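Asks: Please see the structure below; I have some questions.
The values are calculated or read from the model by the stated rules, or taken from the named source; none is laboratory data. Everything quoted here is computed from the prediction, not taken from an experiment. Heads up, the Cβs are rebuilt from the backbone with ideal geometry, glycines too, and the neighbour counts pull from every protein chain shown. Areas reflect the complete protein model, heavy atoms only, side chains present, ligands, DNA and RNA absent. Shrake-Rupley method; radii C 1.70, N 1.55, O 1.52, S 1.80 Å.
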Amino acid sequence: MTAPSHDLDLALARKVLDAQPFSRLLGARITAFGEGGATLEIPLREELRQQNGFVHGGVLSYAADNALTFAAGTALGGAVLTAGFSIQYVRPALGVTLLARAEVVHAGRRQAVVRCDLLTVDAEGAETLCAVAQGTVLAANA
């Protein structure tokens, strides 16, 4: 993201996400953005699963990383980079859609701590928590 914070909105966030070839490959879309939070959604197709039929952990990690960074961008401005994050897998991910809901826990001038819940949604719309991530995001111009 490269715009100043006062110019950030959902439309710009969608353009930024769409500019990432890997995000397009996964079919990721950003559905909420602003006020310290961001939500990414990924439709879950066969190619995103591992050998046992569960969503691959790399897909969950990707979703957490991008959601954490987009959420931090709402607090720090558009030029941000993930400094690091950890993820805890709490149950195998099964469903038709993956949601990554991130929220800024604390933000200073140059860094933000962000939490992300990763949930799967089944065909009936029921959500199940499958992983939790937390990370630190830095302002790139700091």
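Asks: Quick check for you: with a 1.4 Å probe and neighbouring chains kept, what is the accessible area per residue of the chain, in Å²?
Replies: On a per-residue basis, 51 Å².
Asks: Can you grab the distance from the C-alpha centre of the stretch 94-142 to the C-alpha centre of the stretch 10-27, Å, no decimals?
Replies: Value for the Cα centre distance between the two parts: 16 Å.
Asks: Before rounding to the nearest 500, sum -39500 (n - 2.57) across all DSSP H runs of length at least 4 in the chain and divide by the residue total; then give [θ] at 222 nm in deg cm²/dmol.
Replies: -7500 deg cm²/dmol
Asks: Additional query: If you take Kirkwood radius over Cα pairs in Å from the coordinates, which of (1) 14.4; (2) 14.9; (3) 16.1 do you get?
Replies: (2)
Asks: Next question, about the same structure. Go through the stretch 92-98 residue by residue and turn each phi into a ³J(HN,Hα) via Karplus (6.51, -1.76, 1.60, θ = phi - 60°); whole Hz please, and just put x for glycine and proline.
Replies: x, 8, 9, x, 9, 9, 9
Asks: Compute the helix-to-body angle for 57-76: its Cα long axis versus the longest principal axis of the chain, expressed 0 to 90° and rounded to tens.
Replies: So the helix axis and the longest Cα principal axis differ by about 20 degrees.
Asks: Once the cut-off is 18 Å, how many percent of the Cα-Cα pairs in the stretch 17-79 end up in the long-distance tail?
Replies: The answer is 37 percent, as a whole percent.
Asks: In nm, to one decimal, how far is the residue 126 label point from the residue 140 one, both placed 7 Å along Cα→Cβ?
Replies: About 4.2 nm, to one decimal.
Asks: On to the next question. Among the GluC sites (Glu not before Pro) in the stretch 1-103, which ones are in a DSSP loop with at most 11 other Cβ atoms within 10 Å of the Cβ? Mind listing them?
Replies: Passing sites in the stretch 1-103 are 35.
Asks: Using θ = phi - 60° and the Karplus form 6.51 cos²θ - 1.76 cosθ + 1.60, what ³J(HN,Hα) does each residue of the stretch 103-117 get, whole Hz, x for Gly and Pro?
Replies: The phi angles translate into 9, 5, 8, 8, 9, x, 6, 10, 8, 9, 9, 10, 10, 9, 9 Hz.
Asks: Quick check: at a probe of 1.4 Å, how many percent of the accessible area of the chain sits on carbon and sulfur atoms?
Replies: Carbon with sulfur: 51 percent of the solvent-accessible area.
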